1. Using 1/(1 + (r/R0)^6) with R0 = 41 angstrom and r between the beta carbons of residue B:200 and residue B:24, what's the FRET efficiency to the nearest 0.05?
2. Run the label-point distances for residue A:76 please: 7 Å along Cα to Cβ, every other copy, nanometres, shortest first.
3. List, in order, the whole-Hz ³J(HN,Hα) value for each residue of the range B:174-180 obtained from phi through the Karplus relation with A = 6.51, B = -1.76, C = 1.60 and θ = phi - 60°; use x for Gly and Pro.
4. Can you list the trypsin sites (Lys or Arg not before Pro) in the range A:95-177 that are in a DSSP coil and have 13 or fewer other beta carbons within 10 angstrom?
5. If the viscosity is 0.890 mPa s and the temperature 25 °C, what translational diffusion coefficient in µm²/s does Stokes-Einstein give for the range A:70-143 when Rh comes from Kirkwood over Cα pairs?
6. When only Cα pairs under 8 Å and 6 or more residues apart are kept, what is the percent relative contact order across chain B?
7. Point me to the residue of chain A whose C-beta lies closest to the A-onto-B rotation axis, rounding the distance to whole angstrom.
8. Mind checking which of B:53, B:131, B:68 is farthest towards the positive end of chain B's charge dipole, using Cβ charges of +1 (Lys, Arg) and -1 (Asp, Glu) about the Cα centre?
Number of protein chains: 2
Amino acid sequence: MIGMETDVLAENRRLAAINLHLLRSKKIRSVDVMGSIGSGKTALIVRMAMVLSSKGKRVAAIAGDVTGDDDYSIFRQAGISALNLNTGKECHLDAHLVEHALEDLKLDDLDVLFIENVGNLVCPADFPLGTDKRLVVISPTEGDDMVNKHPMIFLEADQAVLNKKDLLPVLDIDLGRLQRDYSKIRKGATLQLTSAKTGEGIEELLLSLDLI
Amino acid sequence: MIGMETDVLAENRRLAAINLHLLRSKKIRSVDVMGSIGSGKTALIVRMAMVLSSKGKRVAAIAGDVTGDDDYSIFRQAGISALNLNTGKECHLDAHLVEHALEDLKLDDLDVLFIENVGNLVCPADFPLGTDKRLVVISPTEGDDMVNKHPMIFLEADQAVLNKKDLLPVLDIDLGRLQRDYSKIRKGATLQLTSAKTGEGIEELLLSLDLI
């Protein structure tokens, strides 16, 4: 079983490298957006796309979900080029699924690609998709012990963002603990704070992802 | 691969049946508590345990997590007999892990056992643990499209509860849509509403789980 798991992960990494090479050859910046259900991944991508569009960047989003097209519909309603990707039962996207999605996108007309992973804090960690950056989105309602509970995904991601900062006043959580746990896992790193609802912190997040 | 997955699931169901038989032979009622991170599973179990204890029931909890012992510590601080179960990398508990946990519990001194599954809405669905009931806990911050996005777990669970009802006034969500999606998946079923923070709805939830 260990040999088999290793093969799957190695094959995924091989395909991820191919995806990254293709995207870079087209000068497209790409971000894998991970996080639990309800952390606000879709809303955050919409906000980032709005800011990027206002700066003349052409943005597309791949909506990854087990089933359904709720996130895809939200992207389309917001005027974002989007593609829906259902995993069936899998709790994460993988590089192979993304490879096929890239065949369906007009890569020559694109500057930035967001890939919204399946809402899950465990599974996506092991499966890079071949993006420049991996972002993990958390929310204050997930509790101040959640970084400590899921070190793998924070270790794998290039940046972590605490979204829904507008909810902080009504919740009883220790923001300092989240920050301390995060900077223990990724030396010197700081949590970005955003509110996809109010738009706060979006420019700073785009800067940290080298998108503006 | 399909053959292999089927074998794993069949073996899990076999062990689940053994667990259920053991628990029933000891007259212990048991609940598998599933839900995403931050839905409030731990806090809800603590509240239910408090009410059950006040009625003279002896309660224990198994805290399932990928890593760490945060939930276990919360149970212990609340005075609940508890056992910590780390999955390592797996995004769900399984009947084999629970079988071993049962060996470490004093089953003769127990009336009710809660098993808190790993915080995840996808993976636990396929792996019953051998409990009388399976409960799925959701929170209004997860959005009103989340039942539609994760039909499998709502289909597998005996009861769904929307926790954190105290947050409803500050969130912009369509409670009617959640309810409609849920009763579409499980004919005639209604979402229970609780607040582990204020204690609202706990007695009703215990009733629906046949625990009081």
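1. Values: r = 31 Å, r/R0 = 0.76.
Rounded to the nearest 0.05, the efficiency is 0.85.
2. Those separations, rounded to one decimal, come out as 5.2 nm.
3. Whole-Hz 3J(HN,Hα) from phi for the range B:174-180: 9, 4, x, 5, 4, 4, 4.
4. A:106
5. Values: Rh = 13.8 Å.
The diffusion coefficient I find is 178 µm²/s.
6. Numbers: 398 pairs, mean separation 53.4, N = 212.
Reported relative contact order: 25 percent.
7. A:141, 2
8. B:53
Only the coordinates and a few stated rules stand behind these numbers; no lab work does. For clarity, every value in this text was computed on a predicted model and none was experimentally measured. Cβ atoms come from the backbone with ideal geometry, glycine included; neighbour counts cover every protein chain shown.
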